[in-house]
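Here's the structure, in structure tokens; my notes come after.
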Amino acid sequence: MKEFLVRVLVEPKPELLDPQGQAVERAMIELGLKNISGTRVGKLIKFRLKAISAQQARERVSEIAQKFLANPVIEKYSIELEELE
Amino acid sequence: MRAAVVVFPGSNCDHDTYYVLKDLLGIETDLLWYRETNLERYDLIVLPGGFSYGDYLRAGAIARFAPVVQALPEYIERGRGIVLGICNGFQILTEAGLLPGALTKNISQRFICKTVKLRVENNATPLTHLFRYGEIIELPIAHGEGRYIAPRETLERLKRNRQILLTYYEENPNGSVENIAAITDETGTVFGMMPHPERNSERLFGTGDGLRLFQGVMQGPAGTPLP
């Protein structure tokens, strides 16, 4: 068994208006950060997972992300796996 | 008739809804713990407003896996009775895929708590048949995630099948597409609405318009024809 650090990143779909992202972007500009655009606010779900291989880990994480961690009507997700020693 | 008001950890409109059904309308009503799965005896199941599981992850995302919600598809498939999700209940039903679309953060980014005007878009349903088509009614809203969103083809289908029951009138408080405030599913037995009818069911609290929704369900599925 290997152990992986899993990060699932969930963000609003590109076509969806993200008022939270807009508000954060406006605040960043007011705080002096210039030349920014396209701010989106999502979530990070991080956990450790034991699996036989990276492929198996990815499959299991994909399944739970589609079913639960992201709502496919409004969100998209990406998965990062890091093998732990 | 017998009704159930489901109680999730974090429900907070369960007792108000129970009061309207039991005390104002005299319906035999049970508060049903979320771990129950036997729904056979109920003609109406209400998923009430509140903050089930603290709205963690997304509103309704965790409650949709509760045993009582897992038992709903069979209840609906058999046409046993009416399922009504109010506010958080609506969010749970969309998360469970029992109603199309999703409810996401209000455009204003604010929690909105106030009375709004609504237009009755379909009065040929068990929930709305005591209203006139096009009637303007008043109900309170209280939500942070009430902006209804659905893919274009879903919206077309909702319009074609007249599944949109209530729309926000004059002002769209949360940015919902097509001003949508309440919908039904394709079977016409599952209903979701962001406004709170239980909070305006007595003249003491406003127009009392909410009571007619519950009375409509109580009087049976007779629907008046569309104009």
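Some observations on this one:
- Filtered by the rule that a residue be under 24 Å from B:Ile141 (Cβ atoms), part of a loop (DSSP other than H, G, I, E, B) and open to solvent by 70 Å² or more (accessible area, probe 1.4 Å), region B:3-49 gives a lone residue, B:Asn12.
- Test result for B:Arg119, out of contact with any Cys (no Cβ under 8 Å at 6 or more places or on another chain) and not in a loop (DSSP other than H, G, I, E, B): yes
- Across region B:186-217, the qualifying residues are those that are buried (at least 24 other Cβ atoms within 10 Å of the Cβ) and of a type in the set (A, V, I, L, M), and the one among them that is farthest from the chain's Cα centre (by Cα) is B:Val217.
- Listed here are the strands (runs of 3 or more DSSP E) enclosed by chain A that have at least 1 residues being within 14 Å of chain B (Cβ to nearest Cβ) and of a type in the set (Val, Ile, Thr): A:2-12, A:43-51.
- Hits in region A:45-85 (condition: free of Cβ contacts under 8 Å to residues at least 60 places away in the same chain, of a type in the set (D, E, K, R) and surrounded by 16 or more Cβ atoms within 10 Å (Cβ to Cβ)): A:Arg58
- Failed condition for B:Gly54, given (1) on the phi < 0 side of the Ramachandran plot; (2) surrounded by fewer than 18 Cβ atoms within 10 Å (Cβ to Cβ): (1)
Residues are listed down the side, and each one gets a yes or a no for (1) surrounded by fewer than 16 Cβ atoms within 10 Å (Cβ to Cβ); (2) acidic (Asp, Glu); (3) within 14 Å of chain A (Cβ to nearest Cβ):
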position: B:Val69; (1), (2), (3): no, no, yes
position: B:Asn88; (1), (2), (3): no, no, no
position: B:Ala102; (1), (2), (3): no, no, yes
position: B:Phe111; (1), (2), (3): yes, no, yes
position: B:Val116; (1), (2), (3): no, no, no
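- Flag for B:Arg132 being open to solvent by 70 Å² or more (accessible area, probe 1.4 Å), away from chain A (no Cβ under 14 Å) and on the phi > 0 side of the Ramachandran plot: no
- Region B:143-178, subset within 14 Å of chain A (Cβ to nearest Cβ), part of a strand (DSSP E or B) and not charged (D, E, K, R), residue least open to solvent (accessible area, probe 1.4 Å): B:Tyr148
- Meets criteria (under 30 Å from A:Glu15 (Cβ atoms), out of contact with any Phe, Trp or Tyr (no Cβ under 8 Å at 6 or more places or on another chain) and crowded, with 19+ Cβ neighbours inside 10 Å) for B:Ile183: no
- Only a single criterion out of (1) away from chain A (no Cβ under 13 Å); (2) open to solvent by 30 Å² or more (accessible area, probe 1.4 Å) is not satisfied by B:Gly97, namely (1).
- For region A:12-40, the candidate set comprises residues that are open to solvent by less than 40 Å² (accessible area, probe 1.4 Å) and closer than 23 Å to B:Pro151 by Cβ; within that set, the residue that is nearest to the chain's Cα centre (by Cα) is A:Pro12.
- Evaluating B:Pro225 against the criteria (1) in contact with a helix residue (DSSP H, G or I) (Cβ under 9 Å, 6 or more places away or on another chain); (2) modelled with pLDDT under 95 leaves one unmet condition, (1).
- Among (1) part of a loop (DSSP other than H, G, I, E, B); (2) away from chain A (no Cβ under 14 Å); (3) of a type outside the set (S, T, N, Q) - the single one B:Pro140 does not satisfy: (1)
The values are calculated or read from the model by the stated rules, or taken from the named source; none is laboratory data. Because the structure is a prediction, the values reported are computed rather than measured. FYI the Cβ positions are ideal-geometry reconstructions off the backbone, even for glycines, and counts take in every protein chain you see. With ligands, DNA and RNA removed, areas are computed over all heavy atoms of the protein, side chains included. Shrake-Rupley method; radii C 1.70, N 1.55, O 1.52, S 1.80 Å.
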